[in-house]
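*Asks:* Take this structure first; my questions come after.
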Ligand code: SF4
Ligand code: SF4
């Protein structure tokens, strides 16, 4: 791939291909050389989510490094304000086709092969290495390294990119394409509070850090006592253990006032509001509530299409293809899942196991073992190289799209 040089840069607009959080660090590096709209191609529609959270996320990452005694010396706070003045647009693979000669295309190292494939598919073969566009030594040495090492490549400690704590398998909606397989539960039981709380406490005691600690379901607002209890846990209030905290809701239920008061105390918290149009019937009221209590939120889900994950009971791939998908799947870093007291690679692995579609390996967080033993078990599992059973039954990264939030005719759970 060609090397980029700022000396020969011809002032065309820039399209950066890479996961959003990595692109943000690149932007900070060359913001003084480039003014104008930056287009970022995240490797799927999740780009929207990162976009909404990016600045906050970046600050938290930097702070977390400092807490660990790692200082990104030239990285001054004013640099971050640059991001506010930049016009940043997020694109998906599907949008790249429109970006032809008038753009300089820079491709980062993360998900490199996938970007090359997507660009090639869209007839774009003339691109440069994003790393060669970095000017400051610190960015190359630290920034790229730290952002990625915080996640999967950091094998010295146990730092996890993202954990989804499933508070309930019940949902107020029943979306046909639900990535978390809610549509397959018939009459889901409530998960006992002691199972959820116990597993969160054990997990937080065993890990060194989690970049994004997420509470979701199903619909997590069906279990608001659990939200308040988890946010009050001393293990979570320890700032070193979670950089960001997120609750994802589908906009059909309001928060209780007592829970809002607890949420208000947690400055790391952000709410992701999935807006599915009319069926997110309380979205406007929910936003009003959050504004009133000064709780950060961002809205996602406005796109018309979702990624098609496929039928979890159908075997789509052979072992080699399943391994390939697993190797390039970001969910194993960002969407590890805690369900029924067990730690899984991703929501599909977790719910597929719970629904008995397949027999998935997991780590029992509630087993009576010492924290050090649990930590080693989690480490071995998190850094595993063999794909979970679920990968052979997953279309998640095959680029197929489906209608968003189409409701099934099956039984809806009554609230
Ligand atoms: S709202 Fe839809 S996509 Fe979200 S958890 Fe419920 S069923 Fe799944
Ligand atoms: S089943 Fe495999 S490919 Fe699908 S989301 Fe999970 S880890 Fe990724």
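*Asks:* Using only the alpha carbons of region 199-263, determine the length spanned along each of the three principal axes and report them from longest to shortest in whole angstroms.
*Replies:* Largest first, region 199-263 extends 35, 21, 19 Å along its Cα principal axes.
*Asks:* By count of other Cβ within 10 Å, fewest leading, how are 132, 232, 172 ordered?
*Replies:* Listing 132, 232, 172 from fewest to most nearby Cβ atoms yields 232, 132, 172.
*Asks:* Among rounded, prolate and oblate, which fits region 167-312 when a ≥ b ≥ c are the square roots of the eigenvalues of its C-alpha gyration tensor, a/c under 1.5 means rounded, and a/b larger than b/c means prolate?
*Replies:* Because a/c hits 1.5 or more and a/b fails to exceed b/c, region 167-312 counts as oblate.
*Asks:* Once you sort the root eigenvalues of the Cα gyration tensor of region 154-403 as a ≥ b ≥ c, which label holds: rounded (a/c under 1.5), prolate (a/b larger than b/c) or oblate (the other case)?
*Replies:* Oblate is the answer for region 154-403, as a/c is 1.5 or above yet b/c matches or exceeds a/b.
*Asks:* Residue 125 to residue 315: extension gain in nm, 0.36 nm per residue of separation minus the Cα-Cα distance?
*Replies:* Once the chain is fully extended between residue 125 and residue 315, it gains 65.0 nm.
*Asks:* If you don't mind, another one. For a footprinting-style exposure proxy, rank 340, 278 by other Cβ within 10 Å, fewest first.
*Replies:* 278, 340
*Asks:* Roughly what would the spin-label model give for residue 288 and residue 371, points 7 Å off Cα along C-beta, in nm?
*Replies:* 4.5
*Asks:* Sort 344, 115 so that the residue with the fewest other Cβ atoms within 10 Å of its own Cβ comes first and the one with the most comes last.
*Replies:* 115, 344
*Asks:* Still on this structure, I have one more. Once all Cα-Cα distances of region 298-381 are split into 10 Å bins that start at 0, what whole-number percent is in each one?
*Replies:* Going from the shortest bin to the longest, the percentages are 15, 40, 31, 13, 1.
All of the numbers you see were taken from the coordinates with simple rules; none came from a lab. Since we're looking at a predicted model, the values are computed, not measured. A quick note on method: Cβ atoms are made from the backbone with ideal geometry, for glycine too, and the neighbour counts reach across all protein chains shown.
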